[in-house]
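The values are calculated or read from the model by the stated rules, or taken from the named source; none is laboratory data. Here the structure is a predicted model, which means the values were calculated and not measured. Here the Cβ positions follow ideal geometry from the backbone for every residue, glycine too, while neighbour counts run over all protein chains shown.
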Amino acid sequence: MERIDKLIAHPQFKSCMDAIKKAEETRKFCKHDLEHCLDVARIATILNMDENLGFKREVIYATALLHDIGRAQEYAGGDKHSSVGAKLAREILESCNFNSDESKEIVTAIFYHSSKESSENKGQRSLAYLLYRSDKESRNCFLCDAIDECYWSDETKKHKLNI
Ligand SMILES: [Fe+2]
Ligand SMILES: [Fe+2]
């Protein structure tokens, strides 16, 4: 996937991921590293096939790789990572040759990914709702030592491995 190779080598992507890694060094809750992004990408790819959603593999991977890119700025006191990330993603996508329709759909998915209601409002078969579901299903809450202190809803934490 040529455009994804370009994306993961992009200086801004790399510096954001490095900043997240540093900021989360002592975090006891789920981290937002490359492994998390790839888990989300693979789960979204499976759901895309199972449900015939019709998204291109590169669009799914770009969405998953970029969805938490605004985390370090949020930790540093900036806006929510979904809105910061949407802005950062737009610039990176453009330089990785995603066209304006693809970019718009990916940026929208990132902007709404933190909320079930907002992502589902974009449509049950939207990229936004696919990202939301894949993000949640990527977390092994049932194995987590910090589950009782986690900010996630009880409903989400009850979630078991289902893929
Ligand atoms: Fe997120
Ligand atoms: Fe995430």
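Couple of notes before you dig in:
- Test: residue in segment 104-124 that is more than 18 Å from CYS37 (Cα to Cα), more than 16 Å from ligand 2 (Cβ to nearest atom), basic (Lys, Arg) and in contact (Cβ under 8 Å) with a residue 60 or more places away in the chain: no
- Number of residues in segment 123-139 that are more than 19 Å from VAL107 (Cβ to Cβ) and either in contact with a helix residue (DSSP H, G or I) (Cβ under 9 Å, 6 or more places away or on another chain) or modelled with pLDDT under 95 (or both): the value is 4.
- Some residue of segment 39-61 being under 16 Å from CYS16 (Cα atoms), aliphatic (A, V, I, L, M) and assigned to a helix (DSSP H, G or I): no
- In segment 85-99, the residues that are more than 17 Å from ILE8 (Cβ to Cβ) and crowded, with 22+ Cβ neighbours inside 10 Å: ALA86
- Residues of segment 1-38 that turn out to be free of Cβ contacts under 8 Å to residues at least 12 places away in the same chain, loosely packed, with under 14 Cβ neighbours inside 10 Å and outside any helix (DSSP H, G or I), as a count: 4
- Residues located in segment 62-83, provided they are crowded, with 20+ Cβ neighbours inside 10 Å and assigned to a helix (DSSP H, G or I): ALA62, THR63, ALA64, LEU65, LEU66, ARG71, ALA72, GLN73, HIS81, SER82
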